[in-house]
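Undergrad: For reference, the structure I am asking about is given below.
The values are calculated or read from the model by the stated rules, or taken from the named source; none is laboratory data. As the structure is a prediction and not an experimental result, all values here were calculated from the model. Every residue, glycine among them, receives a Cβ derived from its backbone with ideal geometry; neighbour counts consider all protein chains shown. Areas reflect the complete protein model, heavy atoms only, side chains present, ligands, DNA and RNA absent. Shrake-Rupley method; radii C 1.70, N 1.55, O 1.52, S 1.80 Å.
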Amino acid sequence: MTYFLEHIAESLYTEFGNTLNRHCLVFPNRRAGLYFLKYLAAGIEKPVWVPSILTINELFRSFSSLQVAGNEILLFELYKMYRKLKKTPESFDEFYYWGDILLNDFDDVDKYLVDASLLFRNVLDIKNIDRQFGGLTEEQTEIIKRFWTNFNPDKPTNEKSGFISVWNILSDLYSDFRNSLKMQNMAYEGMIFREMAESAENYYTSDERWDMLHFIGFNALNECEKVLMTRFKRAGKARFYWDYDNSYINEAKLNSAGFFMRWNLRIFGNDMPSGW
């Protein structure tokens with residue numbers, strides 16, 4: 001049995017040989033990159049310059065002047081902004097647990113290019129929600145109604161009051177936190193992703209370090225990853241290799257396991273050699 005990454009190593013070396021060092025191979029994680037190098041080393045007969053091996057996170061970072069700060073530094077900075085807006089005696093120890101949750105939420109907001117001012121808006125009227133976010137299905141409408149009914153400020157409890165008071169500052173907390181980090185040349189990962197996705201289209205696709213970028217073994221993509229990959233594809237500098245079973249992408253069966261893969265193949269195509 002020949003493994004997916006083994007196929008990729010063999011194919012790329014056969015096609016590019018000693019010029020493979022002019023290429024960048026992008027993987028979802030470091031483990032995949034290490035296994036690729038293992039298969040490449042096993043398939044060559046003489047020393048060659050290896051290609052650049054990056055994770056998708058490292059690729060985004062390579063184009064940014066901002067430095068990803070450690071989690072503790074980010075939490076302390078977030079806590080300072082929180083105290084400033086909330087004016088609360090809450091200690092850092094009390095803040096730490098859900099502050100970490102907030103960091104993850106802000107990271108997702110940026111990686112999926114969500115409009116934070118809309119996301120964190122305190123809208124209790126379902127008609128306003130529908131107008132802001134477009135036509136909602138009956139099921140979606142019912143879920144939102146139940147959520148806001150449970151937190152109806154007309155029936156206050158300590159939990160509801162606490163939720164509303166925090167919700168009301170999230171938009172300002174998000175923007176103030178990002179601005180503070182930027183002034184210190186720091187960022188969290190999603191912040192860098194968003195910076196690159198919202199930058200001028202030709203900013204990084206003209207990079208001359210590599211002749212081609214090969215995106216290998218991805219599945220579900222966030223919005224920033226889609227933007228980056230699409231721009232490199234339009235610039236003629238990207239190839240895509242997807243690892244999947246045919247049963248996952250059979251449209252007739254509507255297999256949910258292949259939902260993202262069908263989208264990827266439709267938008268980016270597949271550069272795996274025929275017959276694999």
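Undergrad: Residue pairs, Cβ under 8 Å, 6 or more apart or interchain, first in the range 251-272 and more than 14 Å from F215 (Cα to Cα), second at pLDDT 90 or above and of a type in the set (A, V, I, L, M, F, W, C). List them.
TA: Pairs found: F260/A220; F260/L221.
Undergrad: With (1) at pLDDT 95 or above; (2) loosely packed, with under 14 Cβ neighbours inside 10 Å; (3) touching a strand residue (DSSP E or B) at 6+ places or on another chain (Cβ under 8 Å) as the list, and R209 as the residue in question, which single condition is left unmet?
TA: Looking at each condition in turn, R209 falls short on (1).
Undergrad: Another question, then. Confirm whether D271 is more than 19 Å from N57 (Cβ to Cβ), in a helix (DSSP H, G or I) and more than 21 Å from the chain's Cα centre (by Cα). Full working, then the answer.
TA: On the way: more than 19 Å from N57 (Cβ to Cβ): yes; in a helix (DSSP H, G or I): no; more than 21 Å from the chain's Cα centre (by Cα): yes.
Spelling it out, it is not the case that D271 is more than 19 Å from N57 (Cβ to Cβ), in a helix (DSSP H, G or I) and more than 21 Å from the chain's Cα centre (by Cα).
Undergrad: Take the residues in the range 51-73 that are over 18 Å from the mean Cα position of the chain (by Cα) and part of a helix (DSSP H, G or I), then tell me which one is surrounded by the fewest Cβ atoms within 10 Å (Cβ to Cβ).
TA: Result: E72.
Undergrad: When you go through L102, L124 one by one, which is the residue that is aliphatic (A, V, I, L, M), out of contact with any strand residue (DSSP E or B) (no Cβ under 9 Å at 6 or more places or on another chain) and at pLDDT below 60?
TA: Values: L102 fails: at pLDDT below 60.
Just one listed residue meets the conditions, L124.
Undergrad: Tell me which residues, restricted to the range 174-190, are open to solvent by less than 20 Å² (accessible area, probe 1.4 Å), of a type in the set (A, V, I, L, M) and not in a helix (DSSP H, G or I).
TA: Scanning the range 174-190 gives a single hit, A187.
Undergrad: Could you tell me which residue of the range 80-95 is nearest to V68 (Cα to Cα), considering only residues that are surrounded by 15 or more Cβ atoms within 10 Å (Cβ to Cβ) and at pLDDT below 90?
TA: Top of the filtered list is F95.
Undergrad: From G190, G236, G258, grab the single residue that is under 21 Å from L20 (Cβ atoms) and among the small types (G, A, S).
TA: On the way: G190 fails: under 21 Å from L20 (Cβ atoms); G258 fails: under 21 Å from L20 (Cβ atoms).
When all the criteria are applied, what remains is G236.
Undergrad: Is the range 53-76 home to any residue that is within 29 Å of Q184 (Cα to Cα) and acidic (D, E)?
TA: Yes, the range 53-76 contains a residue that is within 29 Å of Q184 (Cα to Cα) and acidic (D, E).
Undergrad: I want to confirm something. Restricting to the range 1-46 and keeping residues that are basic (K, R) and in contact (Cβ under 8 Å) with a residue 24 or more places away in the chain, which single residue is least open to solvent (accessible area, probe 1.4 Å)?
TA: Step one: list which residues in the range 1-46 are basic (K, R), which gives 22, 30-31, 38, 46.
Retained after the next criterion (residues that are in contact (Cβ under 8 Å) with a residue 24 or more places away in the chain): 22, 30.
Details: R22: 89, R30: 168 Å².
Among those that are basic (K, R) and in contact (Cβ under 8 Å) with a residue 24 or more places away in the chain, it is R22.
Undergrad: Taking the range 153-173 as the search range and keeping residues that are more than 13 Å from L102 (Cβ to Cβ) and in a loop (DSSP other than H, G, I, E, B), which one is modelled with the highest pLDDT?
TA: Checked the range 153-173; the qualifying residue modelled with the highest pLDDT is N168.
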